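Working notes, structure below.
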């Protein structure tokens with residue numbers, strides 16, 4: 001009987017530790033979306049570099065852009081985009097809705113939708129422009145126990161998929177945007 005109680009207590013303790021550990025991982029990975037949003041708001045690509053592993057690959061949707069390798073090349077692609085926005089005195093806002101998180105030994109994959117809005121300078125009279133897409137982002141943990149992006153890829157999609165995406169428990173679900181009228 002004592003052995004049975006001991007096994008039950010160990011199982012409950014292990015389960016609680018596992019749940020807490022997974023929530024801590026989810027929190028850290030969800031924070032990466034907050035950092036991306038902040039970088040877009042501030043048109044600052046420097047914080048983005050810190051989120052990628054030294055061997056990361058960024059596969060952008062544009063057929064004109066090559067695969068960026070490592071944080072410096074990834075920074076250069078984001079900085080080029082942000083520079084165009086700054087040059088036009090515009091602003092951009094980004095948001096994400098993670099729809100699936102796959103936990104593997106040594107890696108985690110997020111799959112979801114994003115929405116980006118470009119706000120031109122008011123004096124131009126131009127309308128707000130919306131870009132939407134799907135993404136897959138893979139993370140691995142470094143020696144300092146930080147989850148860093150190793151593969152980041154996206155493709156275009158209709159904005160409605162972002163708006164139709166439902167929240168999933170413990171996954172990042174931005175709520176920044178309402179549909180444009």
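Quick note: the coordinates plus some simple rules give every number you see, no bench work behind them. Note that the coordinates shown come from a computational prediction; the quantities given were computed from them, not determined experimentally. Using ideal geometry, Cβ is built from the backbone for each residue, glycine included, and neighbour counts are taken over all protein chains shown.
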Checklist entry - Regarding region 64-157, what whole-number volume in Å³ per residue does the convex hull of its Cα atoms give? => result 125
Checklist entry - When the Cα centres of region 65-123 and region 42-56 are compared, how far apart do they sit, in Å? => result 10
Checklist entry - Could you state the principal axis extents of the C-alpha atoms in region 36-75, from the largest down, to the nearest angstrom? => result 26, 22, 12
Checklist outcome for this item: Mean 1/r over distinct Cα pairs of region 108-181, inverted to a Kirkwood Rh in Å, yields 14.5
Next on the checklist: From the helices alone, meaning DSSP H stretches of at least four residues, give me the mean residue ellipticity at 222 nm for the chain, per-run term -39500 (n - 2.57), in deg cm²/dmol to the nearest 500.
Outcome noted: -13000 deg cm²/dmol
Item to check | Rounded to 5, percent antiparallel among DSSP beta bridges of region 2-164 | outcome: 90
Checklist outcome for this item: By the mean-Cβ-within-10 Å protection proxy, highest first, 34-42, 143-151 rank as 34-42, 143-151
Checklist entry - Could you give the alpha-carbon Rg of region 2-164 over 2.2 N^0.38 Å, rounded to two decimals? => result 1.27
